[in-house]
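The values are calculated or read from the model by the stated rules, or taken from the named source; none is laboratory data. Fair warning: this is a prediction, and the values are worked out from it, not measured in the lab. Because the Cβ atoms are built from the backbone with ideal geometry, glycine has one as well, and the counts that use them run over all protein chains shown. Side chains are part of the model used for accessible areas, which takes the heavy atoms of the whole protein and leaves out ligands, DNA and RNA. Shrake-Rupley method; radii C 1.70, N 1.55, O 1.52, S 1.80 Å.
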Amino acid sequence: MRGPVAPPQVPLSASRAESFNDLVQDSVDRLERRWPQLAEVEFLVMDVPGTQEESVPLGRSLAAGKDSPARILVYRRPVEIRTKNRDERAMLVHEVVVEQVAELLGLAPESVDPRYGQE
């Protein structure tokens, strides 16, 4: 008998960009439980940094402006290039998010997530 493998509302596969967005959101969800003020921060994924720098950043934090919320950017392509599989990518994404949150809050990464660097 032939029929759909999955219901129409469930995608059969997610794009690399969608999967990466999910990793960032998972990391943010983990941190928001401990740091509720992160609900006011806008987390964005960009393919690559917009500026030419000597070293390619994996992320960036931007303080809140007069008319804009604080933002944390995670750069997808530089992270993907440095990882071999989804597990490595998830760990690196979380480290980048923790580092940027720490910078934004003026804290050490270990204060933001006690398991930072241990995973």
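Full extension of the chain segment joining S19 with D67 gains 14.2 nm, where the gain is 0.36 nm per residue of separation less the Cα-Cα distance. Computed over protein heavy atoms with a 1.4 Å probe, the accessible surface of the stretch 23-75 works out to 64 Å² per residue. The modelled label-to-label distance for the pair A108/L44, using points 7 Å beyond Cα in the direction of Cβ, is 3.2 nm. Kindly work out what percent of the DSSP beta bridges joining two residues of the chain are antiparallel, to the nearest 5. If I count the DSSP bridges inside the chain, around 45 percent turn out antiparallel. I want the local charge near P36. Using Cβ-Cβ distances under 14 Å, sum +1 for each Lys or Arg and -1 for each Asp or Glu among the other residues. Charge balance in the 14 Å sphere: 0.
Matching the structure-derived Rg and Dmax of the Cα atoms in Å against the labelled list (i) 16.3, 60; (ii) 13.5, 39; (iii) 22.0, 72 gives the label (i).
For the chain, the relative contact order is 23 percent, taking Cα pairs closer than 8 Å that sit 6 or more residues apart in sequence and dividing their mean separation by the residue count. For an R0 of 41 angstrom, estimate the FRET efficiency from the Cβ-Cβ distance between Q37 and E88 and round to the nearest 0.05. After rounding to 0.05, the efficiency reads 0.90. Protein heavy-atom surface of the chain, 1.4 angstrom probe: 50% of the accessible area is carbon and sulfur, with nucleic acids and ligands not counted.
If you take every residue apart from N21 with its C-beta less than 13 Å away from the C-beta of N21, what net charge results, scoring Lys and Arg +1 and Asp and Glu -1?
-3
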